[in-house]
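The values are calculated or read from the model by the stated rules, or taken from the named source; none is laboratory data. Computed from a prediction, not measured in an experiment: that's the story for all the values here. Neighbour counts run over all protein chains shown; Cβ positions are idealised from the backbone, glycine included. For accessibility, only protein heavy atoms count, side chains too; no ligands or nucleic acids. Shrake-Rupley method; radii C 1.70, N 1.55, O 1.52, S 1.80 Å.
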Amino acid sequence: MKTNSGRFFEDYRIGEVIPHAVPRTLSGGERALYHALYPARGALFSSDDFARTCGLPQSPMDDLIVFHTVFGKTVPDISLNAVANLGYAEGRFLEPVYAGDTLASRSEVIGLKQNSNGKSGVVYVRTTGTNQHGVDVLQYVRWVMVRKKDLQAPAPDTVIPDLAGAVAPDDLVIPAGLNFERYDFALAGERYRAADYAIGEIIEHVDGITIEDAEHMLATRLWQNTAKVHFDATFRPDGRRLIYGGHIISLARALSFNGLANAQMIAAINAGAHANPCFSGMTVRAWSEVLDIAETTAPGVAAMRLRLVATSGAGTKLRGDDGKYSADVLLDLDYWALIPA
Amino acid sequence: MKTNSGRFFEDYRIGEVIPHAVPRTLSGGERALYHALYPARGALFSSDDFARTCGLPQSPMDDLIVFHTVFGKTVPDISLNAVANLGYAEGRFLEPVYAGDTLASRSEVIGLKQNSNGKSGVVYVRTTGTNQHGVDVLQYVRWVMVRKKDLQAPAPDTVIPDLAGAVAPDDLVIPAGLNFERYDFALAGERYRAADYAIGEIIEHVDGITIEDAEHMLATRLWQNTAKVHFDATFRPDGRRLIYGGHIISLARALSFNGLANAQMIAAINAGAHANPCFSGMTVRAWSEVLDIAETTAPGVAAMRLRLVATSGAGTKLRGDDGKYSADVLLDLDYWALIPA
Amino acid sequence: MKTNSGRFFEDYRIGEVIPHAVPRTLSGGERALYHALYPARGALFSSDDFARTCGLPQSPMDDLIVFHTVFGKTVPDISLNAVANLGYAEGRFLEPVYAGDTLASRSEVIGLKQNSNGKSGVVYVRTTGTNQHGVDVLQYVRWVMVRKKDLQAPAPDTVIPDLAGAVAPDDLVIPAGLNFERYDFALAGERYRAADYAIGEIIEHVDGITIEDAEHMLATRLWQNTAKVHFDATFRPDGRRLIYGGHIISLARALSFNGLANAQMIAAINAGAHANPCFSGMTVRAWSEVLDIAETTAPGVAAMRLRLVATSGAGTKLRGDDGKYSADVLLDLDYWALIPA
């Protein structure tokens, strides 16, 4: 068998570093497609001029283009036999990525825990994206539940990594030169700076987008994410194609422009859960909650910690009385954004 | 409420200049997407080499990429609460736009007229697109019917701008250097120059394209046009997503290649009406009528005034006996194109 | 009639060279769209860095972008009135194409044979794609069955070109500088070199993609291929849009990454048949058969002759007992790929 059947739980070893295949050079093409696939309007990622007034040499690739590109490369090695994508932690964007940069990706196995049923286990990896200069551009931890192939394979020693509940404000990496002192709020689309938001404030982002299969497949292929379940309508008994969770992240983040237009860059991903599956025909909406606000060392730049929730319904109820996610919640993402102070 | 609920009729003042948010840098990516979304084949917008034989430094962005980009930025300020897009006038392309250029957009309120029902009014704006050098690239007048939010708000003084029925040939701006004396008709795809067309001539463009929801949403997002009605299938009672009128303009213009392959550049938009709504599943066809032919000062370059009609049917009947647009007419656009003399 | 109604069988003359219209400049945009439309993961076409370790100045355009672009230009002159696309032969890629290159296309009529029914005939053309420097980048022979318009037109002398069953290994053109001696198998995604494959070996590519109408229309427009049957749901009695055969070629080739990740570049197309029509909703899978393996003069570079079969079913049965293609076979393509020796 020359085709890749993916790794199973028993194939991972603590400390192992897996280099992922197929490095990718990004251009204005991926950027344009990102704007066609998502209603992204952040001025810093739309205009070279705007980016320069913020101290950057030109408009960088949207942070989530970087995330999806780095993530997509991990799929053949990490999640081809995954039963569930369980969580994210300690995600940090370390360096902006520009058109012409080439990204590669590698993952270190940092945790393993076989499930009590003996049929699967949880694999924790720390994934790092690097550019063509060998500079790290993104790092995050992800853990997934992976099937065992050989049920007789011995359980590994349980190692559960000690992960931060959220990236501390002091650990956020601010892009070199970033400066919001000459920030143009009119061109950005809204007048609100960090000081205008209150911790606990809820923002309903008002817009909704009904998803088509053609769209999420274009997106998922663009990131070279090859998981069958997104593309092959014969794969699930119900004949539906599961939408890549990252597609929902980008959709929700883009929808959040309306009320968070100045939350320009993502600095960190603290946690994330794909609470319910999403399929074409659903209308995705989003709301955000302000979780924290912090200073940074960069001139005029504050950090705002946000909960971003995507739903296929209309309300802002995150969980039911049983503590479980409401049935219409698709995504619960906890992240740090950079915003004028 | 931090989200943008848009302006209502009573929020506009004569003379007010509204700078629109989110400038946009265009690249080869937007250009490639334009070719994927529309069957565009104009040689001048397809080939750098062909554009150079026409005296331009390289192939510019399709005129309608410029139009949609400039127009899209106006939506949050002008038409979020619009009931109807009523008309266009005095549209002129003032300077070619190339990959790497950054476009911004602003609108001046030049007319206001409250409707007799007191519930809405007509707003006239003159919108100007500029590039990163502050040079105007496009200017056009649009008027829309906008709802009032506060029905008690006093009616403004009625001001109806004096608009030209069509841009005069002498007012057309020809791109610096444009020269059709070495024009290669074989490479352009047809042998007809302005002299081969007769005023009153009708050209049926023979091709048809059946529209999918995924396509028009990709296009509309690409122009950062965020009007809910294009994206959210729960917005209209019938569960259909209204297709952005500009999508039909581009589709019809691209279809008109077949019979008007040499009508390379749009110099002006004289008038336009979105006669009937368009939805996915419709098969769009187009026909053109030659309205006028004029000389220009550029070597070998003539101007041809064209009516471009998009239909969801098969005929070329623009209006019924009652003078109203036929039910299958989607678009009636009056424009000036530049064509070899 | 100013619109192009295409050529009919009686309009072709042996030896005639037809220059095709609308040259096209390709950019990173077309490249990004290719990655969104197909699950393409070949490292050499994904990463500038990887391409440089293979001796190329940067990552070239995917071979099939070149093929589709050159092919698309021929449609208005060759296959607008074609009843069937009968075959390909002697296809060779002659020079890599890079972002910024402009492609043009011309075809020489090399064979004609009227059918015995007198209503149609077979036209053989040798099509050549050239870049902006006048260098040939691709050449292939295609033959199509074309309707006669004037049934009284006399039959031409029958000329059937003498075509090679396959391009001889010695006739393959290896891109200047190509060198697989420093090839990074880990980054490419698989460890198999030519020596690891056996002639007669069958590789099932395991992945499947269910096609949507929006996708194949985006692709087909991108190559400026305007054949009505791909776009107009009213064209066929069954209301279905026939999918451009080249879309299936690209889909199958991209799916073949899984098992043939190192078969990086296509050097030649020996033969090809679009065995059955494909429509949206079908789930396309692919399998390959190794037909031959040969040395080349380039360091570390071998050539592998492959049969690539796309199917809408699950098996690998190419033909039934009657010798005809199985009903679920969409494509049978015979090509040479370059792979580490």
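In straight-distance terms, cross-link reach from C:K149 covers every one of the aspartates and glutamates whose alpha-carbon lies under 14 Å from its own, apart from those fewer than eight places away in the same chain; here that gives C:E10, C:D11.
Can you bin every Cα-Cα distance in region B:24-175 into 10 Å intervals starting at zero and give me the percent of pairs per bin, rounded to whole numbers? Calculated over all Cα pairs of region B:24-175, the distribution is 10, 33, 31, 17, 7, 1, 0 percent.
Rg of the Cα atoms in region C:147-247, relative to 2.2 N^0.38 Å, amounts to 1.74. If I fit a long axis through the Cα atoms of helix C:245-255 and take the longest principal axis of the Cα atoms of chain C, what angle between them do I get, 0 to 90°, rounded to 10? Approximately 10 degrees, to the nearest 10. Summing Lys and Arg as +1 and Asp and Glu as -1 over all other residues whose Cβ lies under 15 Å from the Cβ of A:A164 gives a net charge of -2.
Within the protein assembly as shown, the proportion of C-alpha pairs whose separation exceeds 54 Å stands at 15%.
Using a 1.4 Å probe and counting only protein heavy atoms, how much accessible surface gets buried when B and C come together, both sides summed, in Å² to the nearest 100? If you can, show how the numbers build up before the last one.
Details: alone 14560 and 14540 Å², together 26160 Å².
That pair of chains buries around 2900 Å² in total.
Which pairs, out of C:K113/C:K324; B:K317/C:K73; A:K73/C:K317; A:K119/A:K317; A:K228/C:K73; C:K148/C:K228, put more than 28 Å between their alpha-carbon atoms? Write out the running numbers ahead of the final one.
Values: C:K113/C:K324 24 Å; B:K317/C:K73 33 Å; A:K73/C:K317 33 Å; A:K119/A:K317 35 Å; A:K228/C:K73 34 Å; C:K148/C:K228 19 Å.
Pairs exceeding the cut-off: B:K317/C:K73; A:K73/C:K317; A:K119/A:K317; A:K228/C:K73.
Local charge for B:T130 was computed over the other residues whose Cβ lies under 15 Å away, with Lys and Arg +1 and Asp and Glu -1, and equals -2.
Give the peptides B:167-174, B:61-68 in descending order of average Cβ contacts within 10 Å, highest first. Write down the numbers at each step before the final one.
Working: B:167-174: 15.9, B:61-68: 23.5.
Packing order, densest peptide first, comes out as B:61-68, B:167-174.
Would you mind computing Rg(Cα) / (2.2 N^0.38 Å) for region C:1-105, counting N as its residues? It would help to have the intermediate numbers written out before the result.
Details: Rg = 16.8 Å, N = 105, 2.2 N^0.38 = 12.9 Å.
Cα-based Rg divided by the globular estimate yields 1.30.
Taking the longest Cα principal axis of chain B as reference, the axis of helix B:63-78 is set at about 10 degrees. Altogether, the Stokes-Einstein calculation at 37 °C and 0.692 mPa s, with the Kirkwood radius of region B:5-54 over Cα pairs as Rh, returns a diffusion coefficient of 221 µm²/s. Kirkwood radius and radius of gyration were both taken over the C-alpha atoms of region B:244-289, and their ratio Rg/Rh is 0.96.
Report relative contact order for chain A in percent, whole number only (criteria: Cα-Cα under 8 Å, sequence separation at least 6). List each step's numbers first, then the result.
On the way: 813 pairs, mean separation 66.4, N = 341.
That works out to 19 percent.
With one equal scatterer per alpha carbon and no solvent term, the Debye-computed log10 I(q)/I(0) for region C:285-336 at 0.17, 0.19 1/Å reads -0.57, -0.66. Per-residue 3J(HN,Hα) values for region C:46-58, derived from phi via the Karplus relation 6.51 cos²θ - 1.76 cosθ + 1.60 with θ = phi - 60°, read 10, 10, 4, 4, 4, 4, 5, 5, 9, x, 9, x, 6 Hz in sequence order (x marks Gly and Pro). A Cα-only calculation for chain C places Rg and Dmax at 19.6, 63 Å. Averaged over the residues of peptide B:214-227, the number of Cβ atoms from other protein chains lying within 10 Å of each residue's Cβ is 6. Taking amide H as placed 1.01 Å from N in the peptide plane, the amide H of B:Q132 sits under 5 Å from that of B:T102, each at least 5 places away or on another chain.
To the nearest 0.05, what FRET efficiency results for B:D150 and C:E108 with a Förster distance of 41 Å applied to their C-beta separation?
Numbers: r = 72 Å, r/R0 = 1.76.
It comes to 0.05.
Look at the stretch B:12-22: the mean tally of other chain Cβ atoms within 10 Å of its residues' Cβ atoms is 3. Burial annotation for region C:167-188: residues with an accessible-area loss of at least 30 Å² between the isolated chain and the complete set of protein chains, computed on heavy atoms with a 1.4 Å probe, are C:A186, C:L187. Once the 1.4 Å probe is applied to the protein heavy atoms, region B:194-320 comes out at 29 Å² accessible per residue.
Rounded to whole numbers, the Karplus 3J(HN,Hα) couplings from phi for region C:336-341 are 9, 10, 9, 8, x, 6 Hz, using 6.51 cos²θ - 1.76 cosθ + 1.60 with θ = phi - 60°, and x at Gly and Pro.
Distances between equivalent label points of C:G134 across the copies, with each point positioned 7 Å along Cα→Cβ, amount to 4.6, 4.6 nm, shortest listed first. Computed from Cα positions, the angle between helix A:28-37 and the longest principal axis of chain A comes to roughly 90 degrees. Inter-chain Cβ neighbour count for C:35-48, averaged per residue, equals 6 (cutoff 10 Å, partner chain atoms only). Taking amide H as placed 1.01 Å from N in the peptide plane, B:C278 has its amide H under 5 Å from the amide H of B:I243, each at least 5 places away in sequence or on another chain.
Surface composition of chain B: carbon and sulfur atoms hold 49% of the protein heavy-atom accessible area at a 1.4 Å probe.
Between B:H205, B:H133, B:H274, the GNM of chain B built on Cα springs shorter than 10 angstrom shows B:H133 fluctuating the most. Shown here are the Rg and Dmax of the Cα trace of region B:209-257, at 11.2, 37 Å. Per residue of chain A, the DSSP helices (runs of n ≥ 4 H) give a summed -39500 (n - 2.57) that works out to -4500 deg cm²/dmol at 222 nm. When chain A is treated as a GNM with alpha-carbon contacts under 10 Å, the residue of A:D196, A:D49, A:D77 showing the greatest mean-square fluctuation is A:D196. In angstrom, the C-alpha Rg and Dmax of region C:206-341 are 16.1, 54.
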